[in-house]
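Data block below; observations after.
Nothing in this text is a laboratory measurement; each read-out follows from the coordinates by a stated rule. All of these numbers come straight from a predicted model, not from anything done at the bench.
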Amino acid sequence: MILSGNQITLEQRAGRIVIDPFDETAVNPNSYNFTLSDRLVIYADDVLDASRENRTEELRIPADGLRLQANRLYLAATREVMGSEHFVPTFAARSSVARLGLFINLSAPLGDIGFIGRWTLQLYPTHDVIVYEGMQIGQMMWWRTIGDISLYDGKYQHATGPRSSMLYRSFQ
């Protein structure tokens, strides 16, 4: 079952959901609006190789915004550290962001129970769009689990910024 906004607030206050910083005005009926950090990562090569670490370049979002080019992948991060050892997180773009033609995840909206960190977003604009640090870009939802819980302890745990793919570690 999905948690209501009121329950998200109660669980955050009790320490069972981590949202830092927490803004009560960002609580929705069944989600929490999260914001965009000031750092983005782009891949430096035209062809990406799943079996090796790919080169990246870091970009900063200036105060007057950053124009994202259509049909290009940008890895971004949430400003908030979020997660839980008690609930499963999922996220999606805010409707207003989606209406600008901006995807914030391509195919990975499900988080692992036990992951706590800044979430990497896969920004993909369908046409040029300007984004700003601190804009409310997406919404996180939390779900109750059934059965025994095994906490996430993987390669992206405690992320502090956008993380490029570490799939290459599976080839080692």
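Shape class of region 38-96 from the alpha-carbon gyration tensor: oblate, with a/c at 1.5 or above and b/c at least as large as a/b.
Taking 0.36 nm per residue of sequence separation and removing the Cα-Cα distance, the D112/N28 pair yields an extension gain of 28.1 nm.
Classify the chain from the C-alpha gyration tensor, please: rounded if a/c falls under 1.5, else prolate or oblate depending on whether a/b exceeds b/c. Since a/c reaches 1.5 but b/c is at least a/b, the shape of the chain is classed as oblate. Tell me the mean residue ellipticity at 222 nm calculated for the chain from its helices only (DSSP H runs of n ≥ 4, each -39500 (n - 2.57), averaged over every residue, nearest 500). Taken over the chain, the calculation gives -2000 deg cm²/dmol.
Between region 104-172 and region 48-63, how many Å separate their Cα centres? Measuring centre to centre over Cα atoms gives 16 Å.
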